[in-house]
Amino acid sequence: MKVRWKPRWLRKLIKRTSTLGPKRRKELQSSKSSITSTQTEDNKPPQPLQEPIIVASEPVFIPPIKQPNMAEEEDFSSLPLTDRWAHKNWKVRKGAYEEAAQQFEKTPDEYDPAFRPFIQDPSMWKTAAADSNVAAQQDGLAALCAFLKYGGREGAVRARQHAITPICEKGLSSTRAATKASSIEALLLFIELDVAAPVIEEILPVLSSKQPKVVAASLNALTQIYHNYGCKIVDPKPVLKILPKVFGHADKNVRAEATNLAVEFYRWLREAMKPMFWGDLKPTQQNDLEAQFEKVKAEGPAKQERLLRSQQAAMERAPAAGGGEEYGEDGGEEEEPAEIDVFDLAEPQDVLSKVPKDFYDNLGSSKWKDRKEALEALYAVVNVPRIKDGDFNEINRSLAKCMKDANIAVVTQAAQCIELIAKGLRKGYAKHRSTVMGPIMERLKEKKQTVADALGAALDAVFMTTDLTECLEDITTNLVHKNPQIKEGTMKFLVRCLRTTRDVPSKQEIQTIVDSGKKLLLESTEVLRSGGAEILGTVMKIIGERAMKPHLEGLDDIRKTKVNEFFQTAEVKAKDKPKPPPPAPAARAPPPGAKKPVAKKGPPAGLKKAPPAAAAPPPEPSPPPAPQPAARPKLGMAKPGLGGLKAPQKRALGHPGVASPKRPVAAPRAPTPEIEEEEEEPASPPPKPAARVGLGRGGLAGRSLAKPAAPAMPAAPPSPTPPSGFSHMERAELEELRMVNERLLKQLDDARHDRSKLASEIQELKNQNAQLIEDHTKDVLSIKAKETQLVRARSDAEAAEQTNERLRRELERVTRGLRKAEATIEAMQNEAASPSSPNLGFRTLSPTHDDAGIYRDSALPPSANRNRMSFASTFSEEKENGDSMPHPRNKIGSDARYAGGSAASSGRGSPARGFRREAPADEREIQGGDRAGGGLGYSGYMDRGGSRSDSRTSNRTGAGSSRLGDPPTNAGPSSGMESWKRAAEVTSQLKARIEQMKAKAANRPQ
């Protein structure tokens, strides 16, 4: 091994120092270290240590180095606190922190000057919370806690943004337990003094720190915050969003703290918190959390363990404001299960933009599978905790239409979609209630339980978006439906509504519900009867037994027992809390409670007698007027005092501080009785006016009556002591306070009166509105009835017009026929009246006119007359029996054929047919002569058919075989005269028939 070369002098030095003993060598080394530490504390550059040089061969004694004097540090106390707060020496800073904490604890209130430097410069807390020395940091955080505890809200708000981040980064992760405790306490105090949201906002960025211990410590602090204040005070949504991130952290301590925080959330939120982050966790983490949640389920509901300053102040005010009655009511409402559900935690999502474009096309498809698939796609879109409000009108109309679908799978899916949309929109869905509630209730006729459950869940979700008032009309309408299934489903829905509603129904609504329940009690099925009893029992639970008694009158004992059974088991959220006259006494109760300590002393009675004595000490008998009320019960004394109180109050209104000294006698006398009278006032409020009047009228006259009561003076010996109890200023102040109190009580009474008046007006307006709606409905129904009558009248009028038109046409036709007949007759008469004819001979005729107005010829055989009469009678019978009258031309042509004497022309359908067959041969010859003579006789008017018939008939009878146009064999003048005679007969018959027709036409109604 090679040895390094050393100079000679160094070798000698090493040799001499090595002869020192081990003890001496340790002392020398300790002295070096102390000198070095002292120089470092004084912030001076380290001086080289002057080691003793040994120049002799024997050891040299080295004296110990002088230690620095510790008393020199006391000089720092002369520095201001703010300077010492930022001093370089940690001990000086530590002393400053301790001194500040002591000052804060000694302050009387939050406005003390000791807080002013820290309020003006809140950044000082940043250096204290993040002090590099752990000992000083501990005292600095203790000083911060003292500052927050005694300094008030203003200082906390100013220091919050400077102190929270250093606390999270340096204080929460400290190795000292006291530092960690002070850090958590400081965070809790920041929340206690103001609100929690800013504190959470400052803590969340620290969770992204690169140091796992800082993240774990911050999560632990959040757990403590939620454990003490709960999720009602501290909003859990910001922290729930970052839970998946911390659950995926690489450090196991961070994951463990995240699990503790999730368990704490479960204590408050239960299952409502899972949709926020549960899907982002690993299956193993979910299983671990489920195991932890099972332990929490066994515990009771979580409660807030630490109150905010605002809550503490409310608790302190509540007893002073009326025995805690008002706060008790409020507190009761807060303790009620105001559960935090998913809707409160979730952010609204826009689902309208995610609805498939072909949704409406598929929903209108003729295939039920396409419709069901469209609804399933909509279900997947709206299955979110909270939905952003938008235009859902078309979707709801389509879903309501699906309630009438023949396929129950489509109906069930549509009901589930309605349920999700209603739950996602909450109050925003109220405007769609009328669109879907009616169709859903109509579909309650389904007997399948799965469909009924889906429809019931949809109805419940819709009801949660509105209130009982909005739904009651549809419910009462379907409670009397003819379908028992719809009636039963509606009944169950009404029971659920009564159990879940938080608003007590109005009296009119209660009456409507009770009437519906009574009708159900009379149903034939047991289910509906039990449902009616359950409705009445639930209503009784809401309004109370006493208010329900009038509605149960008329029911038998069996039904009342059934109603009481449901009343005992019913659970409701809305309970009618009667608000009787107690509020008035409750408002007056606080003053006596607050002033009991003052009036509790024995001398109040003497106080009433003392002021006169104090004003004029020598005349002792002056006080007797006061004892006179004292001879009565204490109550009588309190009332006059109240009457005397009002005059001083009115005078003291303008300048309360100066008025009392100006009236030394009246001022003491008025307020002093009030001390006792306020204590007795609530006992008997009615006698006030009588006592006041008695005092006013007997003010002077009472003195003479009080003289006999002067011996009662010894009964109140403590009279001299009270005068020293209140000064003039105190009495004036007391009077002013009571005046303010009375004014406030009066304002409170006025406000209550106005409130009751407004409530009555509101009720009256509601009644008027209901009446107007009813009148409007009646008017609409009457208008519709009138419209129906009008339509019927119009149809009747049109029918009448058609009938008139038909009758008019018929009349015109008859008139034309008559005119034609008259014209024909005139033509016949004119032709018959011609005196001569080239081929016609003249013979004398002697026709006679019988009783029937028919011309008869004596030359004719009787059978001819009889046949002619049968023709006339037959013609008349046919007309009277309703047979249509033949056209005049045809009739006349027939008569003409008959008159012409042709056997065939009398033809088919002629009534005189037999007569023509029986006509003699000579007559037929005459007729043939007429035809041969050019038709100058009446037979000339015969038609061609008659001529052909005549020829055929002639051939058949053998009277002549000559063809048409051949000259007749027998022609003579006798044939023309016979034709004229028969024409006259026909004319007379036609005239008679025309007269009959005219008479019938005149008698026929138009």
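Just so you know, all these numbers are worked out from the coordinates, no wet-lab data involved. This one's a predicted model, so the numbers in the text were calculated from it and none came from an experiment. Note that each Cβ is placed from the backbone with ideal geometry, even for glycine, and that neighbours are counted across all protein chains shown.
Listed cross-link partners K245/K274; K357/K401; K482/K766; K541/K573; K448/K482; K518/K562 are compared with a 21 Å cut-off, the Cα-Cα value being larger for K482/K766. For the range 403-449, trypsin sites (Lys or Arg not before Pro) are listed when DSSP marks them as loop and at most 15 other Cβ atoms sit within 10 Å of their Cβ; the list is K404, K447, K448. Geometric descriptor of the range 342-411, per residue, is 90 Å³ (volume of the convex hull of the Cα atoms). Charge tally around E192: other residues with Cβ under 13 Å, Lys/Arg +1 each, Asp/Glu -1 each, net +2.
Going by the alpha-carbon gyration tensor, a ≥ b ≥ c the square roots of its eigenvalues, is the range 113-169 rounded (a/c under 1.5) or, if a/c is not under 1.5, prolate (a/b greater than b/c) versus oblate? It is prolate, given that a/c is not under 1.5 and a/b is the larger ratio.
Summing +1 for each Lys or Arg and -1 for each Asp or Glu among the other residues whose beta-carbon sits under 10 angstrom from that of F463 gives -1.
Extension gain for V195-Q789 works out to 206.7 nm (0.36 nm per residue, less the C-alpha to C-alpha distance). Between R809 and E565, the simple label model (points 7 Å from Cα in the Cβ direction) yields a spacing of 7.8 nm. Per residue, the Cα convex hull of the range 91-143 amounts to 67 Å³. The simple Förster model, with R0 at 41 Å and r as the Cβ-Cβ distance, assigns R4 and K213 a FRET efficiency of 0.30. As a proxy for reagent exposure, H753, H728, H432 were ordered by neighbouring Cβ count within 10 angstrom, fewest first; the result is H753, H728, H432.
The equivalent ellipsoid of the range 347-466 has semi-axes of 20, 18, 11 Å, largest first, where each one is the square root of 5 times an eigenvalue of the Cα gyration tensor. Taking all Cα-Cα distances within the range 79-276, those exceeding 22 Å account for 47%.
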